[in-house]
Amino acid sequence: MRIAMFTDSYTPYVSGVVRSIQRFSRGLTTMGHTVYIFAPGYGKSDSDGIHSEAAQIFRFYSVPAPTFPDFSIPIPITIKAEKLIRSLEIEVIHTHSPFMTGSLGATLAKRTELPLVFTHHTLYHEYTHYVPAPQTLAKQVCVRYLQRYCRKCDHIIAPTPLIKKLIIDLYAAPGPISILPSGIEVNQYSQYSQAENRWLHERFSIDDQSRILLTVGRLNHEKNPQLVLEAFANLRPHERDLHLVFVGEGREHEILAKQAEDHGFAERVHFTGILDAADVIQCYCSADLFLFASETETQGLVTAEAMAGRLPVVAVRSTGSSDLVIHGHNGYLTAPDASEMARYAAKILEDAELYQSLAANSQKTAADYSVEATCQKLVDIYRSAGAL
């Protein structure tokens, strides 16, 4: 099968959506399919052509987003696109955004009479704070746009049951909707032994006896990293010999560092910046507990990744985390409250038997999200939408 994927973000930009596309591309290619990715350009940092995920990349001219300069907005205006889709003998168009490239993908699907599959990755109406407009109006416009876009699709993919419900209730989507989470390359974790891994300890000169709390994601408002820091403060790290590691980068890095200094434990809070995939896995496998505070995730891919690293999870109850974290089985769900998050974290860290039980169950949960299983389901979706 020859597949064209359209996305408003891609490497070198780092996000859960980008990782999802990369993993599906690698998995589909391994199965013998051909994947082409249509994505924004990021200037000299692009590395076009054949990537490690074995997909060919076509870049659109892009400009930095005025309210979020790290994000590039593609300008997918080209008279060659339809001719290219035909010359590549594409059999299905899969959009990973409903906006810039997603709009072009929908138009090309209609013109070439190809099936259109759309993955609803993000709670788009929760990100309108990046739009310089009144928020109530911006959210209404966003929802109405999604309603129209969903009606163009032959098949919609929701990462979780809760997102499927949202698509039905909020967008009144008429077409078939399948639940398909992003896959995890579980086999990559087996080479790192959590019992012996000291990657984070060595990187930040942390004593081997100290426990490490980990969180992964952009350090921006919608990911709520300040709640994690406040939960850490509630744990009294001076007394418990704890460290906190933020993996990722974003606008709130300096704010978080300053708050850690104000709390008096700056030496126990560490920032890795953006890491490559292998080093992120090392982080999971050398930490002791995963904290996640975002309420805007559709599936919380990093939570599943943490579970693959055998980490118990304490996460704020949200659309993404609630489908992965089973309260008392592989972690705990909390309100967006720092003291509650800290209380559950302490409960896990102070009970060795509970810790081992939660860790083992986390690893079992992650096994259900293997790339091999999810890619086969994706191919079945393509065929049900009309692809040959």
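Coordinate-derived values only; no laboratory data. Treat the numbers as computed from the prediction; the structure is a model and nothing was measured. Cβ: placed from backbone, ideal geometry, glycine included. Neighbour counts: every protein chain shown.
Assorted remarks:
- Applying a length cut-off of 20 Å (Cα extent along the axis) and a mean Kyte-Doolittle floor of 0.0 to the DSSP H helices of the chain leaves 371-385.
- Net charge dipole, region 238-311: roughly 140 debye, given to the nearest 20, about the Cα centre with Cβ charges of +1 for Lys and Arg and -1 for Asp and Glu.
- Cα convex hull, the chain: 136 Å³ per residue, rounded to a whole number.
- Pairwise FRET efficiency - SER210 versus ASP368, Cβ, R0 = 30 Å, nearest 0.05: 0.40
- Of the three principal axes defined by the Cα atoms of region 208-300, the extents in descending order read 35, 27, 20 Å.
- Inter-site label distance for THR30 and ILE326 at 7 Å from Cα along Cβ, in nm: 2.5
- Residue among SER362, PRO336, CYS285 farthest towards the positive dipole end of region 186-367, charges placed on Cβ: SER362
- The listed peptides 357-364, 212-219, 115-122, ordered by packing as a protection proxy, come out as 115-122, 212-219, 357-364 (highest mean of other Cβ atoms within 10 Å first).
- Extension gain for the segment THR107 to LYS83, taken as residue separation times 0.36 nm less the Cα-Cα distance, is 7.3 nm to one decimal.
- The residues GLU89, GLU305, when put in order of fewest to most other Cβ atoms within 10 Å, stand as GLU89, GLU305.
- When the alpha-carbon atoms of region 186-367 are used, the pair Rg, Dmax equals 14.6, 41 angstrom.
- Lys, Arg +1 and Asp, Glu -1 on Cβ, resulting dipole of the chain about Cα centre, debye, nearest 20: 1600
- Helical contribution to [θ] at 222 nm, DSSP H n ≥ 4, -39,500 (n - 2.57), averaged over the chain, rounded to 500: -12000 deg cm²/dmol
- Rg/Rh for region 296-388 stands at 1.11; both radii use Cα atoms, and Rh follows the Kirkwood definition.
- Couplings 3J(HN,Hα) of region 89-99, computed from phi: 6, 5, 10, 8, 10, 10, 9, 10, 7, x, 9 Hz, in residue order, whole Hz [Karplus 6.51 cos²θ - 1.76 cosθ + 1.60, θ = phi - 60°; x for Gly and Pro].
- For region 136-223, the alpha-carbon radius of gyration amounts to 1.73 times the rule-of-thumb value 2.2 N^0.38 Å expected for a compact globular protein.
- Based on C-alpha pairs under 8 angstrom that are at least 6 apart in sequence, the chain has a relative contact order of 15 percent.
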